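Structure first, commentary second.
The values are calculated or read from the model by the stated rules, or taken from the named source; none is laboratory data. Every value quoted in this text rests on a predicted model; they were computed, and no experiment measured them. Every residue, glycine as well, gets a Cβ built from its backbone with ideal geometry; the counts of neighbours run over all protein chains shown.
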């Protein structure tokens, strides 16, 4: 917490295809001084998310692109170390878009301003980036507001051992669904079934994963909580029941594709034939509804209904490589960087 | 109405690619005799619909495939000419799956049994295949139950001069939306804007149709009533506002594609980024809700709020060629065959 310089990762160039660390440039600057109405935050943890790749693209998405030469956008938590605003008192923990850097300047006037984390929150600070943060909220609203599981229905979750999928599956279990996860390693699959209570987990690297998936869904699929896209999504669509719902939460397998590729599922026509409802989810839309959802999540967490796991990479310097690892599926649970130094 | 034989079109082979008349075989049989509990219907009008092509495929869809050697499935209206059941009295008009033939045997025990048309219905019989039939109901439920237009929103309708699109657009106008149609000829476009009150209509054969479409939607697109798919759907998706709705009603441009083609919109990712809601619509799901919708439709029709137009091809013998014409977009409004002979 005593760094006397500000390490920052700047977007040097836009990635073509998959993310590579070289598109980010590490620079070292002086620790900035907060101006009027501003506060200085010492960052503690950085959240790595598949959507980081989307933000690097030139075309606007649900947020403006990160400008070239600007610090890489990232969600993080930190502690206020200097303040010229009553909105952020020194010592307070804050969470929000703090960027890939040691220090962030924040202001209560920012449209997407960081929020103050209650000091008595009875969970580790990292949980505010996981189960109580955008990952957990994405799982909550995606599953409950779009998927709307009914008792006994079958929910399939891709990237099920990731920060969103692992929470979505546990909520689906709370709601009485049959939950089938798709993940990238047998270790992850074992965690899902043995620790988190998933009814089945399929390793997508097994040669016969499609057959395993079909066998794990003897009554078809009612909800696809889709985090991966591509051939995994195609396989799930092919198992879906009439009037099933697709929570289109992410397509991590497709973000590195160039714009001339077709990232759509080739069996798109099944949406018509099976009368599926497919809805895109960007969690920003639900921010005003976070508090009651976070309370429920906290309750589940404390009662052991939801378990949380993180993969924490040490040192901000390793963040670019950690993002590569995220896209390679090397994390189990939420992928974080402890800023360090 | 005096035919003494039963002309029938049998599915001889499954089409590969676009429909060609040769996949149907015309046979002439004796007029069948109704058994116990059955009635004999003399068919009067046959409805031609893009979904006919789907029914010819080998893979099951929302209905079982038409079996090879079986009469081609089709929606029609006819008149009961002999009956062994109190469910269908002689002289009654009936509508339903009567097939591509002069005469149909029907039974009150059929799962999808034809329904009796009220004798005092104050519209032409053909309207029961159009605005009061599956076409009109598809427009009604698709627009109102999936699209849910709000006053001032922009609705884009592809195949807008077809049997479904022309009704959907007029309902959207009743609900106060800005309505933009996409159609295949300038004649159709003129009909849409001058007769039906569409705010704009774009001819997709114009070289700059994309620019025209964008210009016609200065506030973006809130609802895509999608009947065409392919590049037209892609162009509309690219104009959609955040939280827009896509009524996936049909993809007539894609039904002739072989299964290895990718019929999905290449900009599928916009569903995520723009948080669109996309829902497949098969009108069978709404059959139990038809009566009140038909009453509203009748009311609009009688008050001149909805205008109906049909393209009627004479003689069952011409039905295969008329289906080709439907796929070529040669019809304006509902495509029908008057059985004749």
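Scanning the stretch A:227-249 for residues that are facing another protein chain (nearest Cβ under 9 Å) and in contact with a strand residue (DSSP E or B) (Cβ under 7 Å, 6 or more places away or on another chain) returns A:246, A:248, A:249. Going through the stretch A:94-140 one residue at a time, which ones are assigned to a strand (DSSP E or B), without any contact (Cβ under 8 Å) to a residue 40 or more places away in the chain and more than 23 Å from residue A:11 (Cα to Cα)? A:115, A:116, listed by residue number.
Against the definition (touching a residue at least 24 places away in the same chain (Cβ under 8 Å), in contact with a strand residue (DSSP E or B) (Cβ under 6 Å, 6 or more places away or on another chain) and within 14 Å of chain A (Cβ to nearest Cβ)), how does residue B:164 come out, yes or no? Considered against the rule, which asks whether it is touching a residue at least 24 places away in the same chain (Cβ under 8 Å), in contact with a strand residue (DSSP E or B) (Cβ under 6 Å, 6 or more places away or on another chain) and within 14 Å of chain A (Cβ to nearest Cβ), residue B:164 comes out as no.
Please determine, by comparing only the residues of the stretch B:242-283 that are surrounded by fewer than 17 Cβ atoms within 10 Å (Cβ to Cβ) and at pLDDT 95 or above, which one is farthest from residue A:142 (Cα to Cα). Here the residue is B:242. Might you let me know whether the stretch B:192-200 holds any residue that is within 12 Å of chain A (Cβ to nearest Cβ) and either touching a helix residue (DSSP H, G or I) at 6+ places or on another chain (Cβ under 6 Å) or part of a loop (DSSP other than H, G, I, E, B) (or both)? Taking every residue of the stretch B:192-200 in turn, none turns out to be within 12 Å of chain A (Cβ to nearest Cβ) and either touching a helix residue (DSSP H, G or I) at 6+ places or on another chain (Cβ under 6 Å) or part of a loop (DSSP other than H, G, I, E, B) (or both). Within the stretch A:300-341, the set of residues being under 17 Å from residue A:227 (Cβ atoms) and without any contact (Cβ under 8 Å) to a residue 12 or more places away in the chain comprises just one member, A:328.
Among the residues of the stretch A:7-33, those identified as without any contact (Cβ under 8 Å) to a residue 60 or more places away in the chain and closer than 13 Å to residue A:52 by Cα are A:14, A:23.
Just one of (1) free of Cβ contacts under 8 Å to residues at least 60 places away in the same chain; (2) not assigned by TED's automatic domain parsing to the domain that holds residue B:277 fails for residue B:144. It is (2). Of all residues in the stretch B:291-324, which are in a loop (DSSP other than H, G, I, E, B) and either in contact with a strand residue (DSSP E or B) (Cβ under 6 Å, 6 or more places away or on another chain) or within 14 Å of another protein chain (Cβ to nearest Cβ) (or both)? B:309, the sole residue that qualifies.
Yes or no, residue by residue, for (1) part of a strand (DSSP E or B); (2) more than 14 Å from chain A (Cβ to nearest Cβ); (3) closer than 22 Å to residue B:162 by Cα:
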residue: B:9; (1), (2), (3): yes, yes, no
residue: B:27; (1), (2), (3): yes, yes, no
residue: B:43; (1), (2), (3): yes, yes, no
residue: B:65; (1), (2), (3): no, no, no
residue: B:68; (1), (2), (3): no, yes, no
residue: B:89; (1), (2), (3): no, yes, no
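Checked against (1) surrounded by fewer than 19 Cβ atoms within 10 Å (Cβ to Cβ); (2) touching a residue at least 60 places away in the same chain (Cβ under 8 Å); (3) touching a strand residue (DSSP E or B) at 6+ places or on another chain (Cβ under 8 Å), residue A:82 meets all criteria but (2).
Yes or no, residue by residue, for (1) modelled with pLDDT of 95 or more; (2) under 22 Å from the mean Cα position of the chain (by Cα); (3) in a strand (DSSP E or B):
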residue: A:155; (1), (2), (3): yes, yes, yes
residue: A:168; (1), (2), (3): yes, yes, no
residue: A:176; (1), (2), (3): yes, no, no
residue: A:179; (1), (2), (3): yes, yes, yes
residue: A:182; (1), (2), (3): yes, yes, yes
residue: A:188; (1), (2), (3): yes, yes, no
residue: A:202; (1), (2), (3): yes, yes, yes
residue: A:206; (1), (2), (3): yes, no, no
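Residues in the stretch B:70-87 that are part of a loop (DSSP other than H, G, I, E, B) and under 18 Å from residue B:335 (Cβ atoms): B:72, B:73, B:74. Regarding residue A:222, is this residue away from chain B (no Cβ under 11 Å), farther than 26 Å from residue A:63 by Cβ, part of a loop (DSSP other than H, G, I, E, B) and modelled with pLDDT of 95 or more? The answer is no for residue A:222. Whenever a residue of the stretch B:261-290 is within 7 Å of chain A (Cβ to nearest Cβ) and at positive phi, its partners that are outside any loop (DSSP other than H, G, I, E, B) and buried (at least 21 other Cβ atoms within 10 Å of the Cβ), lying with C-beta atoms within less than 8 angstrom and at least six residues away or across chains, give the pairs B:275/A:279; B:275/A:280. Only one entry of B:75, B:106 meets the criterion of being under 20 Å from the mean Cα position of the chain (by Cα), crowded, with 21+ Cβ neighbours inside 10 Å and modelled with pLDDT of 95 or more, and that entry is B:75.
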